[in-house]
Amino acid sequence: MLNHTKQYINGEWVNSTGTDTIEVINPATEEVVGKISSGTEEDVNRAVQAAKEAFPAFSKMSVNDRIKLLEAIAEEYEKRKDDLVNIMTAELGAPITKSEEIHYKMGLSHFKQAAEQLKTFKFTEEREKSYIQKEPIGVAGLITPWNFPTNQISTKLASALAAGCTMVVKPASQTPFAAVILAEILDKAGVPKGVFNLVNGSGSTVGEAISSHPDVDIVSFTGSGEVGSGLMKNAAEGIKNISLELGGKSPFVILKDADVKEAAKTALAQIAMNTGQVCSAATRMIVPAEMHDKFIEAMKELVPEFPVGDPQDKNTFMGPQVSKDQWETVQSYIKKGEKEGAKIVIGGPGRPDGIDKGFFSQITVFTNVKNDMTIAQEEIFGPVMSVITYKDLDEAIDIANDTIYGLAGYVFGNDKEELKKVALSIRAGQIRINNSETDRSAPFGGFKHSGIGREWGDYGIEEFLEPKAIMGMPL
Ligand code: NAP
């Protein structure tokens with residue numbers, strides 16, 4: 001059992017000022033993985049003080065040295081591959097192959113991307129009447145969720161380091177051990193003391209203390225809208241910058257000329273990936289009415305290609321929900337969908353056949369869904385798909401945009417004009433046409449209730465900078 005009750009503050013692992021601990025549970029076995037400290041407000045104060053003291057020197061570190069630092073972090077990260085892959089399977093329940101192919105690689109990509117981005121990033125600009133310099137905001141408070149334990153932290157911290165900010169990180173209590181390894185990586189890579197601090201503990205204590213601390217200049221948060229809204233109130237009180245990456249209910253528009261099998265396969269992968277615990281997952285399939293029956297048939301045939309079960313098994317595509325609470329939430333949405341008149345055509349409530357322990361759900365597909373039903377409007381964060389039919393493309397676009405969210409959108413088919421029309425009409429921060437490759441230099445973030453601000457690439461670095469305009473600068 002892992003026992004990690006220290007906090008990483010000012011370049012050292014130190015005892016928490018409190019003695020309470022939080023147990024981390026393996027969601028596949030329901031056994032305890034280990035314990036972390038349930039940090040205190042005093043721990044946060046020490047970490048913020050360290051970050052504040054480190055800021056004047058770190059903010060002046062040359063861009064070249066910051067590139068070297070990010071490259072050194074990426075190198076150390078690669079050395080810890082096995083540890084990272086194994087811990088994300090234990091604490092999140094990510095299937096071992098996905099832990100490596102998705103989680104480990106995503107976490108790494110942000111350090112490499114930020115280093116690349118810095119090579120061309122313009123921190124200064126000469127205009128006719130002014131000189132503009134972009135300066136790091138100051139101390140950043142980074143609060144992250146459990147669904148991608150390394151990726152969620154590394155996207156924020158790589159951007160913050162690239163910008164020249166110092167920081168205090170609070171990872172999710174359900175997946176803190178990947179964050180502990182990240183801290184060890186940063187320490188090994190030579191991040192100067194105080195620049196990066198890690199305080200484990202609950203959102204209500206550690207998260208609140210970070211977001212309301214007067215010396216934290218920006219809060220960058222990924223998580224639920226409810227918590228994000230509370231953090232925004234704290235930011236308002238303290239006149240802080242805030243960036244929020246929140247939920248989604250993303251549409252997947254299938255064009256009439258799409259290959260049904262390919263579309264069905266892509267759709268299933270969308271909801272089964274990370275057990276549906278993906279903020280940008282496509283969960284509303286918007287399908288031509290005449291294609292509906294074929295689409296459902298194709299999915300029924302393809303479901304066995306997405307095996308659910310033991311995360312240690314290399315053939316497993318989908319593991320458990322992260323926790324009992326999350327499993328119960330998913331189950332309650334499945335029951336609500338049935339109650340509101342939607343029809344289950346794949347999966348349903350309860351665990352998959354043959355599994356009697358762990359927080360496993362079934363891949364569940366609803367048809368007869370109206371876009372105003374709860375299952376089509378609220379984020380479920382589980383492997384639950386709503387299939388909604390349309391008659392013409394304008395109706396498909398209206399359904400796609402009939403949501404409070406705007407994180408991502410997907411369009412699948414062949415007609416170039418229609419692909420473009422849908423991509424340009426969906427009101428969301430990131431659109432994917434067919435199975436296009438992810439571009440980590442492009443901005444990621446949401447319209448509407450999906451958030452404020454952007455991560456990844458140069459847009460991610462901009463979040464941690466303040467522009468200063470100088471008029472009359474002798475040049
Ligand atoms: P959450 O409950 O909002 O928690 C996220 C983080 O906030 C955790 O570290 C949590 O700590 C902390 N927290 C909780 N209460 C807090 C408070 N009062 N003050 C400060 N921090 C607090 O969300 P979640 O259940 O972990 O994640 C699921 C949600 O995140 C979904 O809605 C999903 O869509 C969204 N999400 C969005 C993105 C994106 O990029 N847009 C990515 C992933 C997830 P504890 O762990 O200790 O509770």
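The values are calculated or read from the model by the stated rules, or taken from the named source; none is laboratory data. These numbers were taken from a predicted model, which means no experiment stands behind them. Ideal geometry is used to build each Cβ from the backbone, glycine not excepted, and the neighbour counts take in all protein chains shown. For the accessible areas, the whole protein counts, side chains as well, though only heavy atoms, and no ligand, DNA or RNA atoms are used. Shrake-Rupley method; radii C 1.70, N 1.55, O 1.52, S 1.80 Å.
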Next item on the list: Check the straight Cα-Cα distances from K122 and name the aspartates and glutamates below 19 Å, setting aside those fewer than 8 residues away within the same chain.
Entry: D65, E135, E455, D458, E462, E463, E466
Item checked: Reciprocal of mean inverse Cα separation for region 146-211 (Kirkwood radius, Å) -> 12.2 Å
Notebook entry, point to check: Given Cα pairs under 8 Å that are at least 6 residues apart, what percent is the relative contact order of the chain?
Noted result: 18 percent
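Given a 1.4 Å probe, how much area per residue of the chain is accessible, in Å²?
41 Å²
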Check: Restricting the count to DSSP beta bridges whose residues both fall in region 1-42, what percent are antiparallel, rounded to a multiple of 5?
Finding: 75 percent
Next item on the list: Calculate, for S59 and D325, the FRET efficiency according to 1/(1 + (r/R0)^6) with r their C-beta to C-beta distance and R0 35 Å; round to the nearest 0.05.
Entry: 0.30
Item checked: Stretch gain in nm, segment N315-W13, where the contour uses 0.36 nm per residue and the Cα spacing is subtracted -> 104.9 nm
Item checked: Order by protection proxy (mean Cβ within 10 Å, highest first), peptides 370-380, 74-84 -> 370-380, 74-84
Checklist line | Dipole axis of the chain (+1 Lys, Arg; -1 Asp, Glu on Cβ), positive-most option in G194, A298, P145 | finding: G194
Next item on the list: Working from Cα positions, state the angle (0 to 90°, nearest 10) between the long axis of helix 177-188 and the longest principal axis of the chain.
Entry: 40 degrees
Notebook entry, point to check: Angle between the Cα long axis of helix 225-238 and the longest principal axis of the chain, 0 to 90 degrees, nearest 10?
Noted result: 30 degrees
Checklist line | Spatial separation of Cα centroids for region 120-167 and region 414-433, in angstrom | finding: 29 Å
Check: Hey, what do the phi angles of region 346-361 turn into as Karplus ³J(HN,Hα) couplings, whole Hz, using 6.51/-1.76/1.60 and θ = phi - 60°, x for Gly and Pro?
Finding: 9, x, x, x, x, 6, x, 3, x, 10, 10, 8, x, 8, 8, 10
Next item on the list: Roll a 1.4 angstrom probe over the protein heavy atoms and tell me the percent of accessible area of region 2-50 that is carbon or sulfur.
Entry: 40 percent
Check: How many angstrom separate the Cα center of region 226-290 from the Cα center of region 349-364?
Finding: 23 Å
Note to self: Given the whole protein assembly as supplied and a 1.4 Å probe, what does the accessible area of V206 come to in Å², nearest 10?
What the structure shows: 0 Å²
Check: What are the residues whose amide H is under 5 Å from the amide H of Q362, where those residues sit 5 or more places off or on another chain and H is modelled from the backbone?
Finding: G348
Notebook entry, point to check: What is the local net charge at A298, summed over the other residues whose Cβ is closer than 12 Å to its Cβ (Lys, Arg +1; Asp, Glu -1)?
Noted result: -2
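What part of the accessible area of region 428-475, given as a whole %, is carbon or sulfur when the probe is 1.4 angstrom?
Numbers: 1440 of 2630 Å².
That share works out to 55 percent.
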Item checked: Rounded FRET efficiency, nearest 0.05, which uses the C-beta distance separating L475 from E184 and R0 of 60 Å -> 0.85
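Given that compact globular proteins tend to follow 2.2 N^0.38 Å, what is the ratio of the alpha-carbon Rg of the chain to that value?
The chain yields a ratio of 0.99.
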Check: Roughly speaking, to the nearest percent, how much of region 118-193's 1.4 Å accessible area is carbon and sulfur?
Finding: 44 percent
Item checked: Rounded to 10°, Cα long-axis angle of helix 63-79 versus longest principal axis of the chain -> 50 degrees
Check: Which cross-chain or sequence-distant (5 or more) residues have an amide H under 5 Å from the amide H of S202, H modelled 1.01 Å from N in plane?
Finding: G39
Margin query: To make sure I understand the rule: partners must be lysines, Cα under 19 Å from the Cα of K170, and not fewer than 8 residues away in the same chain. Which ones qualify?
Written below: K6, K35, K52, K156, K193, K233, K240
Notebook entry, point to check: Given the protein chains as shown and a 1.4 Å probe, how many square angstrom of L2 are accessible, to the nearest 10?
Noted result: 70 Å²
Next item on the list: Go through region 302-316 residue by residue and turn each phi into a ³J(HN,Hα) via Karplus (6.51, -1.76, 1.60, θ = phi - 60°); whole Hz please, and just put x for glycine and proline.
Entry: 8, 3, x, 6, 10, x, 10, x, 4, x, 7, 7, 5, 8, 5
Checklist line | Normalised contact order of region 22-158, rounded percent, pairs of Cα under 8 Å and 6 or more residues apart | finding: 26 percent
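Report, to one decimal in Å, the Kirkwood hydrodynamic radius for region 1-117 based on all distinct Cα pairs.
16.7 Å
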Next item on the list: Output the relative contact order of region 326-448, whole-number percent, from Cα pairs under 8 angstrom with separation of 6+ residues.
Entry: 18 percent
Item checked: Net charge over other residues, Cβ less than 9 angstrom from the Cβ of N414 (K, R count +1; D, E count -1) -> -3
Check: Given H placed 1.01 Å from N in the peptide plane, which residues other than close sequence neighbours of E466 have an amide H under 5 Å from its amide H?
Finding: E135, I137
Notebook entry, point to check: Taking the highest mean first, how do the peptides 462-473, 406-417 order by number of other beta carbon atoms within 10 angstrom per residue?
Noted result: 406-417, 462-473
